[in-house]
Amino acid sequence: MRLSLRFVLPLMIVLAALAYTVIPLVDKLTLRWFVRDIDIRASLIANTIKEPLFEKLADGKKGKISEFFAHITQDERLYALGYCASPESKPLASRYLPAAIRCNDLDRWLTTDDHLLSSTRGPLHVTVKALTDDAGSTSQLVLVHDMSFIERRSEETKQYLFYFFIALAAIVSLITVAIAQLSWRGWVSGIRSLLRGEGLLREPTATTSAAEFKPIARDLQRLIRELETDQRSRDESQITWTAEALRAILHSELRGEDVIVVSNREPYIHQRRGDRVEVQRPASGLVTALEPIMRACSGTWIAHGSGSADRDVVDRQDRVAVPPDKPAYQIRRVWLTSDEEDGYYYGFANEGLWPLCHIAHVRPTFRSGDWAQYVAVNRKFAKAVVSEAKTRDPIVLVQDYHFALLPRMVREELPEATIITFWHIPWPNPESFAICPWREEVISGLLGSSILGFHTQFHCNNFVDTVDRFLEARVDRESFTASLGGKLTAVRRYPISIAWPPEAELVAKSVEQCRADIRRSNDLPAGHLIGIGVDRLDYTKGIIERLRAVERLLESKPEWIGRFTFIQIAAPTRSGIEEYQNHESQVRALSTRINTRFSQHGAPAVILKVEHHEPRDVYQYYRAAEFCFVSSLHDGMNLVAKEYVAARDDGRGVLVLSEFTGAARELPEALIVNPYDADQCAAALHLALTMAPAEQRDRMRLMRGLVQEFNVYRWAGRMLLDAATMRRRSRVLEHPSQQRSLS
Ligand code: ADQ
């Protein structure tokens with residue numbers, strides 16, 4: 001209604017002003033036309049009566065002339081007639097000739113354009129016509145017309161015009177209101193979808209079909225994006241990303257909203273050791289990255305309760321507060337049966353999706369029984385998310401390939417939730433992904449997310465290509481969004497990282513002390529050089545290729561035999577899977593072979609430690625080593641590379657890094673190698689062992705600068721800021737006042 005008035009009132013005013021100007025104009029114009037008609041009529045009458053009049057004058061019977069004039073003036077419009085033989089004479093006139101008309105004053109009607117005379121009857125029009133008789137003498141005939149009919153006509157015309165303008169105003173108002181409503185809705189829904197990032201991808205509807213708005217909307221969309229990017233880079237350049245900064249962002253941008261993390265692996269595992277309960281931190285890049293975020297954000301972390309004492313320490317809602325020494329957030333444990341764990345975790349996730357997404361030459365195995373468990377467990381976790389949500393629109397951070405279906409399942413229950421899914425492993429090209437028998441379900445599940453994150457742009461591209469290939473979804477490569485069933489998912493690159501600065505206790509011990517302790521604990525002589533590899537014992541990490549490179553180094557540079565040892569600390573992982581058991585056997589056999597070939601003076605060439613280590617032990621190795629060798633055959637990011645850089649606050653040490661890791665894109669100052677090329681890797685190891693301290697420092701300084709700036713708080717902060725922007729947009733657009741103004 002308000003909208004209608006906004007359009008109609010000004011329109012009415014304009015039309016009224018128009019009527020006010022036009023009606024007098026029309027009045028004037030009509031009068032002029034009538035006067036001209038009367039003039040013509042007067043000439044006609046004068047010419048017609050001239051002869052009979054002269055005849056009657058010649059007869060000299062004045063009475064007859066009066067009769068004659070009375071007869072003529074029966075015409076309704078001809079009011080009076082007068083005849084002046086000369087200026088001095090009295091007019092011979094019909095009954096009503098106005099007294100103001102005198103024969104000696106007729107010139108006034110001839111010399112002026114104003115022929116009007118007012119009378120009690122109304123306006124009269126006076127025309128004087130000269131009559132010339134046969135003798136050549138001139139007399140004057142005065143014709144007085146009644147103009148009151150013109151006034152009547154003018155009144156009628158005004159009335160018609162008035163009604164005409166009223167009708168016009170009504171019609172124009174109706175049309176204007178209709179067009180304004182349609183345009184306004186079109187604009188609003190266009191702008192709404194732009195703000196949601198949908199652009200003009202949605203099916204045109206009755207209100208948004210106006211094709212002429214499309215170019216404008218596209219420009220507007222581009223402008224909004226440019227402004228956002230500008231704003232973002234300005235904002236980001238001003239933020240030093242720390243735990244405090246992240247906390248502050250959460251409070252300012254998300255007003256402390258409900259944050260729920262979902263992952264398979266839990267950040268703290270309670271294990272029974274005899275009578276005691278031990279708390280273990282799992283070897284997992286995902287946990288390494290997310291744990292500091294949860295410390296900063298609080299909230300709830302939902303994960304599989306996999307520890308032998310996990311059930312013993314939870315409350316009635318299956319929750320436990322962590323970290324144990326300084327609780328900052330809650331773990332909500334979800335219990336799985338061994339069938340569920342086998343099918344969902346070992347089966348579909350780790351024998352299917354893991355090899356599918358990594359190009360590590362291990363065939364994926366897909367079984368329908370595993371798939372059924374994967375669906376069921378995703379549903380179980382989705383229920384846990386819904387039960388943990390304190391509001392209708394929590395922020396849910398879904399982690400990794402274990403939960404590809406969960407985003408859509410949560411979306412169905414909590415349509416207003418902001419779901420950020422992060423895929424920690426690579427995404428293959430569409431041809432490779434096509435192997436998965438449930439590819440459509442997996443992609444569609446992920447598209448339940450509001451934001452879907454990958455480490456690199458390459459993985460984002462692969463995902464968008466895959467969606468384009470296999471789903472009837474709309475893909476916009478400019479905004480990098482995919483829309484399925486009207487729900488938009490932004491596909492974004494968020495390169496993961498580690499906490500910066502590293503926890504103080506991790507770097508508390510001096511580098512010299514670390515060297516001495518590591519040599520002593522591994523029975524290595526003083527001055528012995530150490531290289532390090534730190535991984536889960538996974539075939540994607542290229543541990544076999546790494547050991548082959550060490551073997552090649554010792555073959556090609558025998559001077560290192562007995563002076564250098566490579567220590568591989570490998571956390572056991574997924575040991576229930578045959579491929580992992582085979583892989584472990586191969587790694588063990590290769591280490592033994594190398595040691596048999598090259599060990600001298602009691603110092604082995606390779607030390608293989610297949611066991612879990614606490615982070616401070618891992619950091620001790622990092623600090624003691626001359627180099628760290630990361631040789632993944634394919635890796636999402638690889639946090640070990642970044643941890644090594646973070647551990648070297650002494651500016652020493654060399655990172656040898658596979659070109660097939662996400663980290664290689666961020667750390668070009670590392671020695672970048674192809675892990676399949678043993679000679680190249682061996683040369684890099686030699687270079688690392690002989691690199692001048694100054695060069696080590698230069699490279700390390702640059703890499704530390706990058707990890708410091710692009711740390712895990714930035715990774716999480718960036719995602720949460722994007723989520724906050726999305727939430728603000730949808731709240732503004734769904735605000736009741738906005739809705740009202742649209743109605
Ligand atoms: P991961 O495959 O687990 O991560 P990575 O990123 O290197 O690989 O992280 C491994 C983590 O486990 C590191 O924090 C490391 O310190 C720790 N770790 C390794 N071996 C250990 C051991 N023996 N004992 C104790 N701790 C050990 C997945 C993806 C990666 C991606 C991360 C984060 O495969 O590509 O970088 O998630 O997204």
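The values are calculated or read from the model by the stated rules, or taken from the named source; none is laboratory data. All figures in this text were calculated on a predicted structure; none of them were measured in a lab. Because the Cβ atoms are built from the backbone with ideal geometry, glycine has one as well, and the counts that use them run over all protein chains shown. Remember, those area values only see protein heavy atoms, side chains included, never the ligands or the DNA or RNA. Shrake-Rupley method; radii C 1.70, N 1.55, O 1.52, S 1.80 Å.
Solvent-accessible area per residue for the chain at a 1.4 Å probe radius, Å²?
46
Within segment 260-283, which residues have the backbone N less than 15 Å from the label spot 7 Å out from ARG311 along Cα→beta-carbon, could you tell me?
In segment 260-283, the label zone of ARG311 (backbone N under 15 Å from the point 7 Å along Cα→Cβ) covers 270-272.
Taking amide H atoms as placed 1.01 Å from N in the peptide plane, list the residues 5 or more away in sequence, or in a different chain, whose amide H sits under 5 Å from that of TYR83.
Close amide H contacts, sequence-distant or interchain: LEU92, ALA93, VAL142.
Put +1 on the Cβ of every Lys and Arg and -1 on every Asp and Glu Cβ in segment 548-681; which of GLY662, THR573, GLY636 then has its Cα farthest towards the positive end of the dipole?
The listed residue farthest towards the positive side: THR573.
Could you work out the relative contact order of the chain? I mean the mean sequence separation of Cα pairs under 8 Å and 6+ apart, divided by the number of residues, in percent.
Result for the chain is 10 percent.
Could you check what % of the DSSP bridge pairs in segment 510-620 are antiparallel, to the nearest 5?
5
Using Cα positions and a limit of under 27 Å, work out the lysines in reach of LYS61, with same-chain residues fewer than 8 apart set aside.
The qualifying lysines are LYS50, LYS90, LYS129.
Between ALA283, ALA135, SER89, whose Cα lies farthest towards the positive end of the dipole of the chain when Lys and Arg beta carbons carry +1 and Asp and Glu beta carbons carry -1, centred on the Cα centre?
Of the listed residues, the answer is SER89.
Compute the long axis of helix 62-72 from its Cα atoms, compare it with the longest principal axis of the Cα atoms of the chain, and write down the angle in degrees, 0 to 90, nearest 10.
Once rounded, the angle reads 20 degrees.
Quick one: of the DSSP bridges fully inside the chain, what percent are antiparallel, nearest 5?
Restricted to the chain, the bridges split so that about 45 percent are antiparallel.
Pop out the ³J(HN,Hα) list for segment 407-415 in order, Karplus 6.51 cos²θ - 1.76 cosθ + 1.60 with θ = phi - 60°, rounded to Hz; leave Gly and Pro as x.
Values, residue by residue: x, 5, 4, 5, 4, 5, 8, 10, x Hz.
May I ask you to compute the full-extension gain from ARG153 to ARG520, defined as 0.36 nm times their residue separation minus their alpha-carbon distance, rounded to one decimal in nm?
120.0 nm
Under the rule that a partner needs its Cβ under 4.7 Å from the first Cβ, which Cys of the chain have none?
Cys with no partner Cβ under 4.7 Å: CYS297, CYS357, CYS436, CYS460, CYS514, CYS628, CYS681.
What fraction of the DSSP beta bridges in segment 578-727 is antiparallel, stated in percent and rounded to the nearest 5?
For segment 578-727, the DSSP antiparallel bridge percentage is about 10.
Amide H neighbours of ILE498 under 5 Å, at least 5 residues apart or on other chains, H built in the peptide plane: list them.
Those qualifying (amide H under 5 Å, at least 5 residues apart or on another chain) are VAL712.
What angle, in degrees between 0 and 90 and rounded to the nearest 10, separates the Cα long axis of helix 457-470 from the longest principal axis of the Cα atoms of the chain?
Helix 457-470 sits at roughly 70 degrees to that axis.
Can you compute the FRET efficiency between ILE435 and GLU472 using 1/(1 + (r/R0)^6), with r the Cβ-Cβ distance and R0 = 30 Å? Round to the nearest 0.05.
After rounding, the FRET efficiency stands at 0.90.
Placing +1 on the Cβ of each Lys and Arg and -1 on the Cβ of each Asp and Glu in segment 30-103, which of ALA70, ALA99, PHE34 has its Cα farthest towards the positive end of the resulting dipole?
ALA99
Take the Cα radius of gyration of segment 64-170 and divide it by 2.2 N^0.38 Å, with N its residue count; two decimals is plenty.
So the Cα radius of gyration is 1.39 times the expected 2.2 N^0.38 Å.
Of all accessible surface on the chain at a 1.4 Å probe, what whole percent is carbon and sulfur?
Percent of accessible area from carbon and sulfur atoms in the chain: 53.
Is segment 388-506 rounded, prolate or oblate when judged by the Cα gyration tensor, a ≥ b ≥ c being the square roots of its eigenvalues, rounded requiring a/c under 1.5 and prolate requiring a/b larger than b/c?
oblate
Please compute the length gained on full extension between ARG597 and GLU503, using 0.36 nm multiplied by the number of residues separating them and subtracting their Cα-Cα distance.
29.8 nm
Taking LYS158 as the anchor, which aspartates and glutamates have their alpha carbon closer than 15 Å to its alpha carbon, excluding any fewer than eight residues away along the same chain?
ASP27
About its Cα centre, what dipole magnitude does segment 651-730 give when the only charges are +1 on Lys and Arg Cβ and -1 on Asp and Glu Cβ, stated in debye to the nearest 20?
700
So what's the angle, to the nearest 10 degrees on a 0 to 90 scale, between helix 511-521 and the longest Cα principal axis of the chain?
50
Let me know the charge dipole size of the chain about its Cα centre in debye, to the nearest 20, where only the beta-carbon of Lys, Arg (+1) and Asp, Glu (-1) is charged.
1060
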